[in-house]
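The structure appears below as structure tokens.
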There are 2 protein chains.
Amino acid sequence: MTAYDDLMEFTRDTQALGQVAGRLGWDQETMMPRGAAPQRAEEMAAMESALHARRIDPKVGDWLSAIDDETLDTVGQANMRHIRRSFERTNKVPAALATKLAKVTSAAQGIWAEARAADDFKAFAPTLAEVIMLKREEGQALAAGGDVYDAMLEDYEPGTTGANLEAMFGSMRPVLSELRAAVREAAPVAPLTGDFDEGAQMKLTRQLAKGFGYDMTRGRVDKAVHPFSSGSGLDVRITTRTNVKDPFNCFYSTIHEVGHATYEQNIHLNHLLTPLGNGVSMGVHESQSRIYENQIGRSRAFTGWLFGQMKDAFGDFGVKDEEAFYATVNRVGDGFIRTEADELQYNLHVLLRFDLERALMAGDLQVSELEGAWNDRFEADFGYAVDKPSNGVLQDVHWSVGLFGYFPTYSLGNVYAGCLNEAMRKAVPDLDANLAKGDTSAATAWLRDNVQTHGGLYEPREVIERAAGVAPSEAPLLAYLKKKFSDIYDL
Amino acid sequence: MTAYDDLMEFTRDTQALGQVAGRLGWDQETMMPRGAAPQRAEEMAAMESALHARRIDPKVGDWLSAIDDETLDTVGQANMRHIRRSFERTNKVPAALATKLAKVTSAAQGIWAEARAADDFKAFAPTLAEVIMLKREEGQALAAGGDVYDAMLEDYEPGTTGANLEAMFGSMRPVLSELRAAVREAAPVAPLTGDFDEGAQMKLTRQLAKGFGYDMTRGRVDKAVHPFSSGSGLDVRITTRTNVKDPFNCFYSTIHEVGHATYEQNIHLNHLLTPLGNGVSMGVHESQSRIYENQIGRSRAFTGWLFGQMKDAFGDFGVKDEEAFYATVNRVGDGFIRTEADELQYNLHVLLRFDLERALMAGDLQVSELEGAWNDRFEADFGYAVDKPSNGVLQDVHWSVGLFGYFPTYSLGNVYAGCLNEAMRKAVPDLDANLAKGDTSAATAWLRDNVQTHGGLYEPREVIERAAGVAPSEAPLLAYLKKKFSDIYDL
């Protein structure tokens, strides 16, 4: 056994324990009896503590010193890149600060939830200020003299900087905001009305999951309050939800989560339970969920097929033809909530959060100014005013739990999806003909072979560049959105 | 923080991780997609390895040396008794032997399953001989000069010896065998016939579970191939099964598992995630499942109520009245399989295994003689011959996975249930009147307050003696069985 073999064996056990912790999280949202919550908190804490002890285990440091990465093959070097990054990251943050942050963010989540329910930002502000202070301290420890926000991004999207994102998002914002304004001037599309049996929704949603390549022998679909995908390798489970008035929420939540889940399922099995056996970054992950959901799932061709499926499942539901159905699926309406936003407005929500959280971290924006800054920016970009904090600055849990640098990965995922869509449509020229028959297999196979199979083998931008054949840029996404919404709204 | 506090904090985390491992086991039998099995094996191994490292952690030895148990209160002393026993037990077995045993028994289970399917004991014999050799080696390490089988019993029923059991089981065997022979001579009871909707079975089984005091806010009922109870404290889940021809299997499996599960649920919450927060022994555990299932659930009074429930759920199913239904529920028929045996014959199955496995461990019986010894003994006790090994010596998984000393706890549980039933009926004189209305609350409350709440606070025999008011003996069980089956079969 070489030091590398020993390290990989140790890492494999750590990955396996990480999967167990993930499965507990799944159980908590789907199966756990509600009275078990206090005990579950202790179980999760014991798992986290065991995982943390492994992450900072001095044995890992010894192995890392003993290994010369240059002597390893490509896979070995990629494994070492992940292991070194994680070990160094964990060891840079003082234990006392990590404990304090865990404690404060745990309490902050409850305080945020109460403040949101009471629509009272002031009740949350002091707690948020404390979280930000601690996160800046953590960021300074991680950055070691470099940019604090860049150090935070490294946790979610290694290789991306605030300056990169600022340039990218800066070109997106005016285009999206103008497009949004033009759509607001156009003739509105009517929303879906009527009731849609929830059992029939679940039946069709499982069919959609399978159709998009989700392997049910290595996964399962359950209902939960929030849709999510959980696990890697041979056990990747998703959740979805139903609402009798809103079948699209069920179907597109499922397709979105199937994008995440098939990414995990399709990573080459050689990488199982190694650092390469997980999706490489939040941005690349989101590119898979978004291209499944939007560029494929909300395309004219695929919605044409889905229209027929919905008529079979629910009878006539008041939409006259495929063209009208396509518009209904892609309807752009006024709304305040990021998670409910359509494809056009979604990125405007994210860009707003990116600018505000970066300013908070730089000390250029104070918590006392945050609500006002949010509301001003929202009205400028969307054309209407926020009515209450729960529809504005208090809507997302992220900041309360210390997630800074996470929001931009949503839009980066959309940008990546735009790049991949352009390349995929060149590589699979008859794609729309297949999608019109409900057959997504050519698209999902292309994504599997060009993106998903690699897992953590390449760096995030490299994954996209290898698949798309060009460096990632926002141009394909913007062109796609302009064309799509100009067609639907006759702009 | 004293050494005791430190030790208890460490132990609490270990208990929490043990609960997590248990939950994985539950998931595996109920929810896990089948393709996840190879990954799950690695996840379980990582959990076991983490738990094992904690069990042999030298820090525990240091704490144990530093603590003077005499300075602690009753609860503290009981905790120390469990922790010392477990630490000493784990450290007595050489690591190489433990690893070898784990490896051999893991393979042996598969070899046993194949041999059983092929009805070929010879195909399993060499493997069983190896398991026995390793288990004897382990037993010698544990016994440190004492009796090997007694050392094995200590794992499942601390404080009980082979000699105790031999005396107890020796008085039971002739009584049970004669009673069995008399019933065989009597007019037979017809078995249940017809089809019973499985959805309606599950509905009634959940009602039964709640009726017997199972707290669904801290548990759940799912279907699985084998019924089991899993978890302690605030999260105790059970499984059951359905068979359209055999609703009793569903109902009495559920009631049995609810006996185990409510024991875990009703342990005083002060003991949560401590060594006292689990059922104290296999025998006491089985006393709870058996008294729920048999002395309460198969009583004349309770079956009278159940008859009405089944008529409501399934309509007329060809049993004419309560009296006939009582006989049907308690029908004694010829059969080879322990797990399918009625209340009368069940202990004969166990007594047979106890004598054989004790002789195997003592070296008084060789594996080559085992099949013959089994068949001879079976015919002597039951009055008919074993037709094939899968109905005889190959029917149980236990020996293949190294469980020696486990079988007798099943009958010890029945003996304890007999003692508890006698005391309970004195303490709750109007019990039958309640059971006839389907109300088990007085019985379950008595068991909760006199047995279950203590968890691991007292030694197993002490728990029973405190509740029953006298030292445990087989006499109440034998008297109960003689009366019951004499009434049903007009002996």
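Every read-out reported here was derived from the displayed coordinates using simple, explicitly stated rules and does not represent laboratory data. All values derive from a computational prediction rather than experimental measurement. Cβ placement follows ideal geometry from the backbone for every residue including glycine, while neighbour counts extend to all protein chains displayed.
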For segment A:147-212 versus segment B:118-165, the gap between their alpha-carbon centres in whole angstrom: 63
Take the alpha-carbon centre of segment A:25-44, take the same for segment A:377-396, and report the distance between them in whole Å. 34
To the nearest µm²/s, what D does Stokes-Einstein give for segment A:155-203 at 25 °C and 0.890 mPa s, using the Kirkwood radius over alpha carbon pairs as Rh? 161
Please give the residues of segment B:326-361, grouped as numeric ranges, whose backbone N is less than 11 Å from a label point set 7 Å along the Cα-to-Cβ vector of B:Arg184. B:334-335
Which Cα, out of B:Ala123, B:Pro247, B:Met202, lies furthest along the positive dipole direction of segment B:108-491 (beta carbon charges, K/R +1, D/E -1)? B:Met202
For peptide B:16-28, what's the mean number of Cβ atoms from other chains within 10 Å of each residue's Cβ? 5
Among beta bridges assigned by DSSP with both residues in the protein assembly as shown, the antiparallel ones amount in percent, to the nearest 5, to 40
For label points placed 7 Å from Cα toward Cβ, what is the shortest-first list of nm distances from A:Lys483 to its copies? 8.7
In square nanometres, what is one fourth of the surface area of the convex hull spanned by the alpha carbons of chain B? 23.0
Using a Förster distance of 35 angstrom, determine the FRET efficiency expected from the C-beta separation of B:Asn375 and B:Leu97, and round it to 0.05. 0.60
Between B:Glu323 and A:Ala53, take the C-beta separation as r, use R0 = 56 Å, and let me know the FRET efficiency to the nearest 0.05. 0.30
Which value in deg cm²/dmol, rounded to the nearest 500, describes the helix-derived mean residue ellipticity at 222 nm for chain A, given -39,500 (n - 2.57) per DSSP H run of n ≥ 4 and division by the residue count? -21500 deg cm²/dmol
What is the spin-label model distance, in nm, from B:Ala37 to A:Ala117 if the labels are put 7 Å beyond Cα along the C-beta direction? 4.6
What value does segment B:207-362 have for Rg/Rh, both radii from Cα atoms and Rh as Kirkwood defines it? 1.01
Could you give the spread of the C-alpha atoms of the protein assembly as shown along their three principal axes, from largest to smallest, in whole angstroms? 94, 67, 55
Zone of A:Tyr384 (label point 7 Å along Cα→Cβ, backbone N under 11 Å): which residues in segment A:328-357? A:333-337
Distance between segment B:330-346 and segment A:51-108 - C-alpha centres, whole angstrom: 58
Shortest-first nm distances, A:Lys210 label point to equivalent points in other copies (7 Å, Cα→Cβ): 3.4
Which entries in the list B:Lys210/B:Lys484; A:Lys210/A:Lys484; A:Lys203/B:Lys223; A:Lys210/A:Lys437; A:Lys103/A:Lys135; B:Lys100/B:Lys135 go over 19 Å, if you measure between the two C-alpha atoms of each? B:Lys210/B:Lys484; A:Lys210/A:Lys484; A:Lys203/B:Lys223
Report, for A:Leu97, each distance to the same residue's label point in the other copies, shortest first and in nm; define the point 7 Å along Cα→Cβ. 5.1
Charges only on Cβ, +1 for Lys and Arg, -1 for Asp and Glu: so what's the dipole of chain B about the Cα centre, in debye to the nearest 20? 660
